[in-house]
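Working notes for the structure below.
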Amino acid sequence: MDDGALLDELLGVARKLGVPVRVEPFETPAAGGGGRCLLHGRELVLLDARASLPDRVRALARALAGLEVDAVYMAPEARELIEAASAMAGAPREQVPLAPLSTLGVGGAARFFLEARDERAVLDALAWADRRGVPLRVLGGGSNLVVADAGVDALVLHLALRGVVPREVDGGIEVTAGAAEPWDDLVRMTVERGWAGLECLSGIPGLVGATPIQNVGAYGQEVSETVTAVRAVDRAGGRVVTLDGAACGFAYRDSVFKSRAPDRYVVLAVSCRLRPGGAPTVRYPELAAHLASRGLGVPSLVEVRESVLAIRRAKSMVLEEGDPNRRSCGSFFVNPIVAAAQAARVEALAGDPAMPRWPQPDGRVKLSGAWLIERAGLPRGETDGPVGLSTRHALAIVAHEGARAADVVRFARRVRARVEARFGVRLVPEPIFWGFGALEDGLPADS
Ligand SMILES: Cc1cc2nc3c(=O)[nH]c(=O)nc-3n(C[C@H](O)[C@H](O)[C@H](O)COP(=O)(O)OP(=O)(O)OC[C@H]3O[C@@H](n4cnc5c(N)ncnc54)[C@H](O)[C@@H]3O)c2cc1C
C-alpha cells in the first residue's frame, strides 16, 4: 500500500470514529505533520498541508492512536501503523500510589496516572479523560496536597513540561518557565543573574505551574506581584489560552485557579516580569532583622535569598533529608484575616498586646495562625498518635511513620476546633484535598 492509499485508509478510520480531519498549511516544528487538537471544545485532527505525505500519514496514525479503533475495520497496514503509534504514545497507568509523590507522604493511589511531556500530550490526556467521563487532577510536586487513604478516582496528570526562556521587555526581563520547572531552581537562577522580584520566595517547594494556583507568598512577596502571563489549557473552551495577571484573580493564597474555577485550567507555563539590577524586597520585619543581624544594611539579592533560606530552615520550611519535620505540606492553615474588632477581641482573650498582627489595606487584620494554635494550648511538637505539629512551626502538621490521611485530617479538625473554642476564629486549610467527600470550610468533614 503506498502512502497515498494509506492516508486515504486512515482518513476513512477517522471518519468512522466521527473525528473530523482538516488539512491546512501551518508550522508544525514539534508535531511534524499535524496532530489532534481541540477547537471550540471539539476534537479535531489538523494535518499540515505543507508536510510531506509520509509525515502526514505518521501524524494521522499518531492522532488516531489514543482513540478506540478496535471496532473499526481497516487495512492491516493501517492497523499496524496505529498500533505502533499507540505503543509509543503510552496509555495511562492504573493504580499508581500517590503517597511517594506528595511531601506529606500519605494517601492511596490514582486510579489512572499519566505523565505529559509536551502540550500535545496534555491535550490528549484531557481528551482521554473527557471521553471516558473520568475527572482530571493535575499533580505538580505534591507539596500542597492531602490525598485520601482510598485514593483518587481520577486521571492524575503529572506534567513534565520544562524549559526557561528569558527575554528583554522595556528595560525589564520576562522569564517564561515550563510548568514542571522546580520553583526554587528558577528563583535561584533569577537571583544569581541579578533579576529582582522573586528573591523572598526562595525555598518554597514544588513546581512553577502550581505557583499561581494559591498565589504563593512568603517573607513580604507574592508571586502575583511579578506574574504577567499564565499559559494554560482552558478546559471550558478546550483550547490553550493566556491569562494576564488581572485575569488570574490573585488574592491572599488564592486565585481564579484555586477557588473560582478549580480544575478548569491546566497551567502549562508561567511568565514573570523581573527587574534586572533591581533592589531586593525587604519589607518583612523578620527578614529585615535577620539581615541586620548579619550586618547587611544594603543587602544584595543573593544575601536576601540566603537569609530567607536560613529563616525557613530554622522553621523546617525547606525540604531537607533527615529533618524529622519533613513530611508536611508546609502551613496547614492560612493565616486568618479578620475584622479589626475581632482582632481586638482575640487580643483581649489572649491578654497579650504583643499579639502578632499585620493590618491589611482594607482595614482588616491578618493574624498569625501559628500563634493562635500555640496560644490555644497546642504547642509545637504536640502529637496525636502518628501525626503532630512540627517541632519548629505550629502551623505545619507532620505525618510520622505509619500515619494515614485520616489521622492528618482528624488532627487538623482537632486543631481547628481548639482555636475556634479559645478565640472564636475558624482556621481555613491551605492544602488541596483529593479523594475526600464533602469539605466543611475547606476541611474534609469525613476522613
Ligand atoms: C515545607 C513546605 C514549605 C512551604 N512553604 C510555602 C510558602 O512559604 N508559601 C506558599 O505559598 N506555599 C508554601 N508551601 C506550599 C507549596 O509548596 C506551594 O503551594 C507550591 O506552590 C505547591 O506546588 P506543587 O508543585 O507541589 O503543587 P501540588 O501540591 O502538586 O498541587 C497543588 C495544587 O495545585 C494544582 N496544580 C499543580 N500544578 C498545576 C498545574 N500545572 N496546572 C493546574 N493546577 C496545578 C494541583 O492540582 C493542586 O490543586 C510549602 C510547602 C511545604 C511542604
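The values are calculated or read from the model by the stated rules, or taken from the named source; none is laboratory data. For clarity, every value in this text was computed on a predicted model and none was experimentally measured. Please note: Cβ atoms are built from the backbone with ideal geometry, for glycine as well, and neighbour counts cover all protein chains shown. SASA here: full protein model, heavy atoms, side chains in, ligands and nucleic acids out. Shrake-Rupley method; radii C 1.70, N 1.55, O 1.52, S 1.80 Å.
Placing +1 on the Cβ of each Lys and Arg and -1 on the Cβ of each Asp and Glu in the chain, which of P20, P100, P431 has its Cα farthest towards the positive end of the resulting dipole?
Working it through, the farthest residue towards the positive pole turns out to be P431.
Give the Debye-formula value of log10 I(q)/I(0) at each listed q (0.13 Å⁻¹), with one equal scatterer per alpha carbon of the stretch 162-311, two decimals each.
Values returned for q = 0.13 Å⁻¹ are -0.56.
How long is the gain from R364 to R132 if the chain were fully straight, where each residue apart is worth 0.36 nm and the alpha carbon distance is subtracted? Please list the in-between numbers first.
Numbers: separation 232, 0.36 × 232 = 83.52 nm, distance 4.63 nm.
Contour length minus the Cα-Cα distance gives 78.9 nm.
Roughly how many Å is it from the Cα centre of the stretch 266-315 to that of the stretch 387-447, as a whole number?
What the calculation gives is 30 Å, centre to centre.
Which angle between 0 and 90 degrees, to the nearest 10, do you get for helix 76-89 versus the longest principal axis of the chain when only C-alpha atoms count?
Approximately 10 degrees, to the nearest 10.
Of all DSSP beta bridges located in the chain, what percent are antiparallel, nearest 5?
If we restrict to bridges inside the chain, about 75 percent are antiparallel.
Any idea of the accessible area per residue across the chain, 1.4 Å probe, to the nearest Å²? Spell out each step's value before the answer.
Numbers: 19750 Å² over 447 residues.
Each residue of the chain exposes 44 Å² on average to a 1.4 Å probe.
Of the accessible area of the chain, with the probe set at 1.4 angstrom, what percent is carbon plus sulfur?
Carbon plus sulfur share of accessible area: 52 percent.
Tell me the Rg and the Dmax, in Å, that the Cα atoms of the stretch 273-415 produce.
17.7, 50
Full extension from H400 to A348: what is 0.36 nm times the residue separation minus their Cα-Cα distance, to one decimal in nm?
On the way: separation 52, 0.36 × 52 = 18.72 nm, distance 3.59 nm.
That works out to 15.1 nm of additional length.
For the chain, what are the per-bin percents of Cα-Cα distances with bins 10 Å wide, up to the bin holding the maximum?
Once binned at 10 Å, the Cα pair distances of the chain give 4, 18, 26, 24, 15, 8, 4, 1, 0.
Using a Förster distance of 45 Å, how high is the FRET efficiency between R294 and D170, based on the Cβ-Cβ distance and rounded to 0.05?
FRET efficiency, R294 to D170: 0.85.
So what's the angle, to the nearest 10 degrees on a 0 to 90 scale, between helix 405-423 and the longest Cα principal axis of the chain?
Value to nearest ten degrees: 40.
Nearest 500 deg cm²/dmol is fine: what mean residue ellipticity at 222 nm does the chain get from its DSSP H runs of n ≥ 4 alone, each adding -39,500 (n - 2.57), divided by its residue count?
-9000 deg cm²/dmol
Taking 0.36 nm per residue of separation and subtracting the Cα-Cα distance, what length does fully extending E80 through K16 add?
Contour length minus the Cα-Cα distance gives 21.3 nm.
Sort 351-357, 295-301, 373-379, 219-225 by packing, meaning the average of other beta carbons within 10 Å per residue, with the highest value first. Before the final figure, lay out the partial values.
Values: 351-357: 12.3, 295-301: 14.6, 373-379: 18.0, 219-225: 21.1.
Put in order of decreasing packing, that is 219-225, 373-379, 295-301, 351-357.
Can you give the angle from 0 to 90° between the axis of helix 301-314 and the longest principal axis of the chain, with both taken from C-alpha atoms, to the nearest 10?
70 degrees
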